[in-house]
Each structure stands twice: as C-alpha cells, then as structure tokens.
Amino acid sequence: VPREETIYSGLDAIVFASLINVIINHSNIVEISCVAQLVNVIAPILTKTNGGVIRQAIFYPLLYASNLIRGDVYKCDVNCKKIDGGKFGNVQSVTASFIKGENNSYLWICNLDSEFVEVDLSKINEGKAKRHIFMQASDKRNSFEKPDVVKSSEIILKNSDCIKLLPLSWNLIEFANK
C-alpha cells in the first residue's frame, strides 16, 4: 500500500527548530523527547526504491541539535517585541537558549519575526563567537530532482560582537569557551 510522505518546507524547519528550542529550555524536566518524525513517513530523510535520498528541511535543525547540543542549559532573558500568536495571544518574536558545553557553547535562537533582529553577542561572556549556522523560512521544499534547495548555511565569524538574524529564521551561534 503506497503511503503519502510529508515533504517539509523551510518554514516547517523554523517551526521544528522552535520546538527543539522549547525542549532544550525545559531539559530540566524533560528527561527524554521522542520525535515521531524519526520513525514515521514524516521523516527528515526520504529515500526511494532503487536509489535516491533527500534531506528534508527539518533535517538540519535536528542534525545540529543531535550532534552539538551537549552541556548545561541556560534560559536566555530575551528583550524583544511581541508578535501575534493567534489563539495563543501575543508571543515573543525571539526565543533562545544557551548551552555551555565542555569546549564550545551554543546560542540556539529562533527569530519568528518578519523583520531582521540584531543580537548583541558582546553581552555573552563565553568567549568569541566563531560560527553562525542558520536557515531562513521559505515555502520551498527539497525533492529528489532538486535535493539541496532548502538547507542550512554557515558563516565563519571573526570579531563579531553583533549579528543580524534573518526574518523567520533558525540560528545557531557557536562560541569557543574561554
């Protein structure tokens, strides 16, 4: 019986990254988190009979969360504007968590606003920011014909005390610990 598989967009990746941020920020009470997308037809990686594989848009936040996010979690006090969250009322336009690892620390941050947001990294006393990984929301989707339409991007940071987050984006800033 053929099954219909979900094909995720860049916007889905930002929503998924926001969910991961909630899980990170509540790691003091969430002992284990299971993601249905790992085992069902809504998977972050799709294959087809006789070859072919694509990484879906939601693959990238999951990749970095599973490979890098280790250590002590600190909730961030984010000073940002509120946006209309529909039936949930006004919600913060920026959500963030800070993870202090053994050698590196990470700022996991989602900009849910339709405008650029400036982040002052000088206030984070964890050494210099060295890498910025990010994705911006879009309605684009990866396909077997075009498998790399939606993916994360990376910038190496040098002496960056301030960065601008793209509208509707997921961001991971890596710091070298002091």
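Before moving on, here are some points about what is shown:
- Taking (1) farther than 19 Å from Asn103 by Cα; (2) not in a helix (DSSP H, G or I) in turn, Tyr74 satisfies each apart from (1).
- Selection from region 105-149 of residues that are assigned to a loop (DSSP other than H, G, I, E, B), open to solvent by 80 Å² or more (accessible area, probe 1.4 Å) and either closer than 22 Å to Ser18 by Cβ or modelled with pLDDT of 95 or more (or both): Ser114, Glu115, Phe116, Asp139, Lys140
- The set of residues from region 22-43 being modelled with pLDDT under 85, part of a loop (DSSP other than H, G, I, E, B) and surrounded by 14 or more Cβ atoms within 10 Å (Cβ to Cβ) comprises Val35, Ile42, Ala43.
- Here Gly51 meets each of (1) part of a loop (DSSP other than H, G, I, E, B); (2) on the phi < 0 side of the Ramachandran plot with one exception, condition (2).
- Positions within region 168-178 being part of a strand (DSSP E or B) and of a type in the set (D, E, K, R), in sequence order: Glu174
- When region 1-21 is filtered for residues that are at pLDDT 80 or above and open to solvent by 80 Å² or more (accessible area, probe 1.4 Å), the ones remaining, listed by number, are Leu11, Val15, Leu19.
- The lone exception for Val91 - which of (1) in a strand (DSSP E or B); (2) within 23 Å of Val15 (Cβ to Cβ); (3) open to solvent by less than 20 Å² (accessible area, probe 1.4 Å) it fails: (3)
- Condition check for Val78: farther than 23 Å from Asn142 by Cβ, within 19 Å of the chain's Cα centre (by Cα) and touching a residue at least 60 places away in the same chain (Cβ under 8 Å): no
- Selection count where residues are in a loop (DSSP other than H, G, I, E, B), modelled with pLDDT of 90 or more and either of a type in the set (Phe, Trp, Tyr) or over 20 Å from Leu19 (Cβ atoms) (or both), scope region 150-167: 1
The values are calculated or read from the model by the stated rules, or taken from the named source; none is laboratory data. Computed from a predicted model, the values in this text were never measured in an experiment. Cβ atoms come from the backbone with ideal geometry, glycine included; neighbour counts cover every protein chain shown. The protein model used for the area step is the full one, side chains on, heavy atoms only, and it has no ligands, DNA or RNA in it. Shrake-Rupley method; radii C 1.70, N 1.55, O 1.52, S 1.80 Å.
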